[in-house]
1. How about segment 82-129: which of its residues are at negative phi, among the acidic types (Asp, Glu) and under 22 Å from the mean Cα position of the chain (by Cα)?
2. Residue 270 is checked against (1) without any contact (Cβ under 8 Å) to a residue 40 or more places away in the chain; (2) over 26 Å from the mean Cα position of the chain (by Cα); (3) more than 22 Å from residue 336 (Cβ to Cβ) and fails just one. What number does that condition carry?
3. Starting from segment 310-323, keep only residues that are under 18 Å from residue 48 (Cα atoms) and part of a strand (DSSP E or B), then list their pairs with residues that are of a type outside the set (D, E, K, R) and at pLDDT below 80 whose Cβ atoms are within a distance under 9 Å, requiring at least 6 positions of separation or different chains.
4. With surrounded by fewer than 19 Cβ atoms within 10 Å (Cβ to Cβ), assigned by TED's automatic domain parsing to the domain that holds residue 302, without any contact (Cβ under 8 Å) to a residue 24 or more places away in the chain and not charged (D, E, K, R) as the only criterion, which of 139, 102, 152 stands out?
5. Scan segment 153-208 residue by residue and report those that are within 20 Å of residue 120 (Cα to Cα) and either touching a His at 6+ places or on another chain (Cβ under 7 Å) or in a loop (DSSP other than H, G, I, E, B) (or both).
6. Given the conditions (1) part of a loop (DSSP other than H, G, I, E, B); (2) more than 30 Å from residue 318 (Cβ to Cβ), report the number of the one that residue 356 does not fulfil.
7. Are any of the residues in segment 367-375 more than 24 Å from the chain's Cα centre (by Cα), loosely packed, with under 15 Cβ neighbours inside 10 Å and not in a helix (DSSP H, G or I)?
8. Pick out the one residue from 92, 79 that is among the β-branched types (Val, Ile, Thr), in a helix (DSSP H, G or I) and within 26 Å of residue 322 (Cα to Cα).
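The values are calculated or read from the model by the stated rules, or taken from the named source; none is laboratory data. Remember, it's a predicted structure, so these values are computed and weren't measured experimentally. Heads up, the Cβs are rebuilt from the backbone with ideal geometry, glycines too, and the neighbour counts pull from every protein chain shown.
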Amino acid sequence: MKMEEIRRFERVGSHSHITGLGLEGLKAKEIADGMVGQIEARQAAGIVVDMVKKGKFAGRAVLLAGPPGTGKTALALGIAKELGRDVPFVSISGSEIYSSEMKKTEFLMQAIRKAIGVRVHEMRKIYEGEVTTLDIKTMPHPYNPYQKIPKMAVIGLKTKDEEKQFKVDETFANYIIQQGVEVGDVIQIDADSGRIVKIGKAKDAVKKEALDLTSHEVVDLPSGSVSKEKEFVYVMSLHELDVATTRRGGIFSIFFGEKEEITNETRQQVDEMVKEWVDSGKAEIIPGVLFIDEVHMLDIEAFAFLNRAMESELAPIIILASNRGIARIRGTDTKSPHGIPLDLIDRLLIITTKPYKKEEIKKILQIRMAEEKIDMDEEALDYLTEIGASSSLRYAVQLMAPAADIAEHDGRRKISREDVEKARKLFHDVKRSVEYLKEYERMMLGE
């Protein structure tokens, strides 16, 4: 099949540029792996990673404490990246646990089990090769026409001996997007489940792109047929296994919701099954990272649950984050540092973050420009840096996309200072929003 147009369907996340902690040994580089500044915090995080790898972190957790916009989420993600490939990273906010549909402790239990991976080894029929072409077709979301979702994909794979092209459905297309597959990657596709595993970047692709350094593992082009029987290695979370076991619909049931309640008996059954897999060499446990932002929003019951969970045999690395000082513990009249009970704080390794310096803000903006493929002249970048220093880094980053859109409508690819000024005028930061509220306070509705 001849490809008329090759497009990459991509979604750039706010921390998609983070690939590690930027360490050399236990010493943090000024700029590396998408990380800028926060030298002491990154070095402390590196020690945590080292302790985890040596099995000396049991019964502990980490608290990242610092003002808003000082890189706490980036640090948590960096820890997960440093722990290795396939390590699950689950991020939740403290306020998410309050729901009329699910108990707080059940929500936390599911989050914990989502953060524990099981790497499974099985002999399967797979398709393996270097991606030569990739075209993902999209369609409007059935409930939100402004959002695009994958409909199908056409993917070309080649080995040293064969080259083939495949037309795949939305399940395969979703896996392609989730794994961030690009032309030049060497991948494996499970023919039955549609699971995709990215092995690394082909040597020829690295040479073609003239890359001196790459964060991807460089691998040889596979030999033999594209279709073959081979050991297929994939990762599932304990929660996915819980859901599949509860619905008794096999592995595919994980794609179709989870309306049935997951009981403790089901979880015990899954744990026993996984232990059997581990003992027989079929699988291995991968403890991941559970990141709980706005931890002060948890109440005393949730804190008690976390305290117990940290002692569990199967427990992920729990990282908490707070931007609060002395605050009341929800569910009590007691005030405590960061709104966390003292008995839990005693068990935490606390890492503090500090506001970024002006030159660090500029470098972070440059990294985000490269990640979002945005071009900006030096005057505009200096002005955006001033905004980041006087208002907040988050606000400066958020202005980049509107400024790029304004420039595009004026027929330019490069953002100018005037584009940033227009975006700043249209979109207010917190300080100007407060001034607006004071000006129109009498016209606003109260509680």
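1. 82, 96
2. Status for residue 270: all satisfied but (2).
3. Listed by first residue and then by second, the contacts come to 317/57.
4. Unique residue meeting the criteria: 102.
5. 179, 191, 192, 193, 194, 195, 200
6. (2)
7. Within segment 367-375 (the criterion being more than 24 Å from the chain's Cα centre (by Cα), loosely packed, with under 15 Cβ neighbours inside 10 Å and not in a helix (DSSP H, G or I)), the answer is yes, since at least one residue qualifies.
8. Answer to the selection: 79.
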